[in-house]
Amino acid sequence: MAFPQRSDTQLERLTRQIGQELLDQGRQQRAGLFSSRFWSDQLMTWAMRDPAFKIQLFRFVDVFPMLHSSRQVHDYLVDYLNQPGVTLPGWMQLGLKAGGLAKGVFSATIANRISALAGNFIAGTDARSALPKLRGLWKAGIAFSVDLLGEACVSDEEARAYQRRYLDLIETLPGEAASWPPAAVLEADHLGPVPRTNVSIKLSSLSPRTDAIDFAGSLARLQEALRPVLEAARDRGVLVNFDMEQHAAKDLTLELFERCCEAVDFPAGLALQAYLRSGEDDARRIIAWAKRTGRQVTIRLVKGAYWDYEVIHAERMGWTVPVWTRKRDTDACFERMTDLLVSAVPRRPGEGGTRLAVGSHNVRSIAHSLAVVERAGLPPSALEVQMLYGMADRLTAAVLDRRLRLRQYVPVGAMIPGMAYLVRRLLENTSNQSWLRAGFFDSASDEELLASPHEPAGAAAPRPVDAPERHQLSPAVEGLGDGRPFVNAPHHDFSSRPVREHFAAAIRRVVVPAVTARFDAAALEEAIGRSAVALPGWRDRDVLERSRILVAAAALLRRRRDELAGIMIREAGKTWREADADVCEAIDFCEYYARTAVALFRPRRLGRFVGELDEAWCQPRGVAGVISPWNFPLAICTGMAAAALVTGNTALVKPSAETPAIALAMCESLWESGVPGEVLQFVPGPGSVVGTGLVRDPRVALIAFTGSKEVGLGILRAATETPQGQGFVKKVVCEMGGKNAIIVDESADLDEAVLAVRQSAFGYSGQKCSACSRAIVVAGVFEVFLRRLVESTRSLVIGDPVDPAADVGPVISDAAARKILDYVEIGKGEGRLELACEVPAGLADKVGKPYVAPHVFSAIEPHHRLAQEEIFGPVLSVMRAADFDEALRWANQSSYKLTGGVFSRRPSHLEKARREFRVGSLYLNRGITGALVGRQPFGGFRLSGTGTQAGGPEYLLHFVEPRACCENTMRHGFAPGLE
Ligand code: NAD
């Protein structure tokens, strides 16, 4: 087929002509249709005028279904709308101030408005209740694709429920639809019949463990879940469309789609997204596959619905943004993909290729696809136009006028999950970039609306306007000579096949050499002596030199990252992501401290007095003992050692007896990068010998310790003694345990809260000082939360950490396992055991480490040992509090003050938590583990530590001593002036 080029002016002319006709036809539609109602709605008009109001209103809409009384509705409205910067329409100001009866009336008005808005976009709570609307659409000449709205699938139980709902749709809808009158345009294209019933499937709903890190496993699970659905679709002639969700699942979805089509001969459809930079490659891949296999499948070409998420997520992770960042590029990609897909439309029945459906509300995009179809000599029936139910009424009418096949994507579902969908639609409709808003509400010129996205920006630049470039780096930290700002080392994106393969190969190759050296008291004595001798030379080096060595070490760790992760997987039993994050954190510590150190040593001028020069700077403390734990065996060890070294102290590193190999690898990296052997010494050995030796030695000026409360308190005690010959007071930087709580209130997004609590409690088998060991849930959502959490936890894979499928690996030692199991027994006496996951038989022997599976308890009271003591294993207590205030009180009832979290969508609760939830590191609406250097300083107070925060701007102050100098610069009555 002759393939139209972009310079093809004829095609461009045809596109504009069709576009103009569609615009004219659309504008002839009179008011009274939905879209006109939407645009004239007072709330929406105000939202479009005031962005601050819009954010608060949409946030309120998001939480609205969780509110059960008009009083709650009123309270939340007041909370949301009385925010600084929000201006309100007069009637709302009155409503918010109202009391008594008027207050109820106001709340009810708002509630009705929101329900009515939802009703415009969502056809019913299930397929049956949506039937009248589906029939109505059909009569108006519009086909449908039903989409099930639902909560995120967090457990196998929920996945099975989704599977049943899909089967139900496929089994009931065709019978109903068969009774509807014939509609020639909707029922056939040039290749043959088009199924009346069309169902869209979200793959993430069919398995709680859809994660590309375990590509093969995810594929197998999804294929198994889909098989009965697809067989039913084949038997009943239902088209099943695989929706495309987040980019992370894209490759998995493509692969799954192909495999499913090869296994079951069902009428198949797949969505492809033009906002992805990979859009054309994705289209080429599916076309080649369809031609190779002789399969006919329908491609629904869309722009993509997760743009904000993709940009924000990629920026947060430090990954390349997978989507086009300018709207126009997406539109252009859409047209290029249309070209490709139209060229692959089969000419004859039975020929392999792709049928095309375009899902867009952009007249230019639709007109272009119609023009390309016409140019290709295909009949108009070769193209299906798809739109979202409840949007674009004028465009719908214009498309119907042309007797095109039109299908609406019709969501059905309950109010709670429906809200996320509703908010997305509201955002879309009210966005500056909304084509519908520009085309039919803001009345942009036709020339602008129909302009080619391929043209360079300029006078004819198309409205809607381009998205801003949002790619930002983390804020710059103190420059390191060369002025490069600090950025976190990005974690691996395991959805990328090359990343997975490289990682797997690296950890396969790793051998963990046994560290046999053990320092005894005498060897330690000597080592400390060497350290003391090396001190002056290292101390007096320029801080920039020391910083550059750290930066070089970071580069080396980066080069070795997969190998180092492999050592931790084998030595400490970390799973893939945990091990990778540990290496990244180590790299970050080197880079971050290298930058923050420089300012400490540069004399700062204080005061501005003529004749007086006041300056302050710092000096190192001396010989430092670094005593580290096994649970972040690289990150914490590197963090403490790097902090000591960059500030000019010499360091003796004593790793945990459980994880010496990774600590040795760290020391080797620092030596290789330029830290002299006497300045950094590796002193493995038992805590009772080497640890105590370091703490008591009168030549050691500083102890940097991270570990348990018992050992930490012992060190603090010992360090206060000042033996003969010790000419200083020992400084101890001491980070200890935690007993961390996450509060979940009635407004929380439970989809997120369940997964975050699960991850915070059972990630690395709960062996993190930051782990969640208490989930304090308010009564209103307690039962639902507990059930979902238990089922979700049951779905975790307990496995060999070498295998990417493993969510939970072993615990560190037999002694640790015994201690954790003792607490399980205590828990059985104090509360109710809701779940004890099972360890697969033979796993511990195979891995060579002990396992304790996740346990969940309920009915635990604040005074119970399970609510008070650090367990350091996968044991979670879910506690029921009467209300938010009680939850906050309980959360604070611990002498540990390390991390804490709150899940709430109520502004005043978040504010109160900020003020009153007294922990070192507080996290709102996210998990409580995984602090990032430079962004979330980490460390606690009271019995969690001496109030230092690693990875924060003040950390290095604990490794230095302050000095100041005042010079009288006046000589015989004159002095240099101030510059
Ligand atoms: P641990 O206290 O048993 O050991 C920590 C280090 O101290 C090890 O190197 C150990 O050999 C050494 N040591 C043991 N006895 C000693 C002694 N008498 N004198 C000097 N040193 C001695 O802790 P662990 O089991 O390795 O780690 C788990 C603990 O660490 C948990 O309590 C956890 O909460 C805590 N932790 C805290 C943080 C934090 O940042 N607050 C981070 C990680 C771990």
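The values are calculated or read from the model by the stated rules, or taken from the named source; none is laboratory data. This structure is a prediction, so every number in the text was calculated from the model and none was measured. With ideal geometry, Cβ positions are generated from the backbone for all residues, glycine too; neighbour counts draw on all protein chains shown. These area figures cover heavy atoms from the full protein model, side chains too; ligands, DNA and RNA do not enter into them. Shrake-Rupley method; radii C 1.70, N 1.55, O 1.52, S 1.80 Å.
Looking only at region 179-213, residues that are outside any loop (DSSP other than H, G, I, E, B), over 20 Å from V399 (Cβ atoms) and open to solvent by 40 Å² or more (accessible area, probe 1.4 Å) come to 2 in all. In the set (1) open to solvent by 20 Å² or more (accessible area, probe 1.4 Å); (2) in contact with a helix residue (DSSP H, G or I) (Cβ under 7 Å, 6 or more places away or on another chain); (3) within 23 Å of E791 (Cα to Cα), R164 fails one condition alone, (2).
Pairs are defined by a Cβ separation below 8 Å, a sequence spacing of at least 6 or placement on different chains, a first member in region 97-116 that is closer than 22 Å to L422 by Cα, and a second member that is among the aromatic types (F, W, Y) and at pLDDT 85 or above; the pairs so defined are A111/F64; I114/F64. Scanning region 910-934 for residues that are within 20 Å of the chain's Cα centre (by Cα), open to solvent by 50 Å² or more (accessible area, probe 1.4 Å) and either modelled with pLDDT under 95 or more than 16 Å from the ligand (Cβ to nearest atom) (or both) gives N925, R926. Considered as a group, the residues in region 600-617 that are in a loop (DSSP other than H, G, I, E, B) and open to solvent by 80 Å² or more (accessible area, probe 1.4 Å) include one that is nearest to E954 (Cα to Cα), and that residue is R602.
Matching residues to (1) open to solvent by 90 Å² or more (accessible area, probe 1.4 Å); (2) of a type outside the set (A, V, I, L, M, F, W, C); (3) more than 29 Å from H491 (Cβ to Cβ):
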| position | (1), (2), (3) |
| --- | --- |
| G940 | no, yes, no |
| L943 | no, no, yes |
| G951 | no, yes, no |
| F959 | no, no, no |
| H972 | yes, yes, yes |
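One residue stands out among those in region 642-666 that are among the hydroxyl-bearing types (S, T, Y) and in contact with a helix residue (DSSP H, G or I) (Cβ under 7 Å, 6 or more places away or on another chain): the one that is nearest to the ligand (Cβ to nearest atom), which is T659.
With respect to the conditions (1) modelled with pLDDT under 95; (2) within 17 Å of A188 (Cα to Cα), L378 lacks only one, and its number is (1). What about T575, is it away from the ligand (no atom under 16 Å from the Cβ), polar (S, T, N, Q) and under 30 Å from P850 (Cα atoms)? Here the answer is yes, as T575 does meet what is asked. Of all residues in region 130-152, those being over 15 Å from A414 (Cα atoms), in contact with a helix residue (DSSP H, G or I) (Cβ under 6 Å, 6 or more places away or on another chain) and in a loop (DSSP other than H, G, I, E, B) number 1.
Do we have any residue at all in region 358-372 that's open to solvent by 40 Å² or more (accessible area, probe 1.4 Å) and at negative phi?
As a first pass, look at region 358-372 and keep what is open to solvent by 40 Å² or more (accessible area, probe 1.4 Å): none.
No: region 358-372 contains no residue that is open to solvent by 40 Å² or more (accessible area, probe 1.4 Å) and at negative phi.
Of the residues making up region 87-111, those that are farther than 15 Å from R71 by Cβ, open to solvent by less than 50 Å² (accessible area, probe 1.4 Å) and part of a helix (DSSP H, G or I) number 2. Note on region 375-396: residues that are open to solvent by less than 20 Å² (accessible area, probe 1.4 Å) and not acidic (D, E) total 12. Look at region 749-778: where a residue is free of Cβ contacts under 8 Å to residues at least 24 places away in the same chain, no partner that is open to solvent by less than 20 Å² (accessible area, probe 1.4 Å) and away from the ligand (no atom under 14 Å from the Cβ) sits 6+ places away or on another chain with Cβ atoms under 6 Å. Just one of the numbered conditions (1) free of Cβ contacts under 8 Å to residues at least 40 places away in the same chain; (2) away from the ligand (no atom under 16 Å from the Cβ) is not true of A881: (1).
What do you reckon, is L888 more than 16 Å from the ligand (Cβ to nearest atom) and over 23 Å from the mean Cα position of the chain (by Cα)? For L888, the condition - more than 16 Å from the ligand (Cβ to nearest atom) and over 23 Å from the mean Cα position of the chain (by Cα) - is met. Can you confirm whether G939 is under 28 Å from the mean Cα position of the chain (by Cα) and within 16 Å of the ligand (Cβ to nearest atom)? It is true that G939 is under 28 Å from the mean Cα position of the chain (by Cα) and within 16 Å of the ligand (Cβ to nearest atom).
Only a single criterion out of (1) open to solvent by 10 Å² or more (accessible area, probe 1.4 Å); (2) within 11 Å of the ligand (Cβ to nearest atom); (3) hydrophobic (A, V, I, L, M, F, W, C); (4) in contact with a Phe, Trp or Tyr (Cβ under 9 Å, 6 or more places away or on another chain) is not satisfied by W630, namely (4).
Of all residues in region 480-497, those satisfying the criterion of being more than 29 Å from R548 (Cα to Cα) and open to solvent by less than 90 Å² (accessible area, probe 1.4 Å) are F494, S495, S496. Within region 573-587, residues that are on the phi > 0 side of the Ramachandran plot reach partners that are modelled with pLDDT of 95 or more and surrounded by fewer than 23 Cβ atoms within 10 Å (Cβ to Cβ) with beta carbons closer than 8 Å, at six or more positions or on different chains, in the pairs G573/V847; G573/K849.
All conditions in (1) closer than 29 Å to V784 by Cα; (2) open to solvent by 20 Å² or more (accessible area, probe 1.4 Å); (3) acidic (D, E) hold for E176, with the sole exception of (1).
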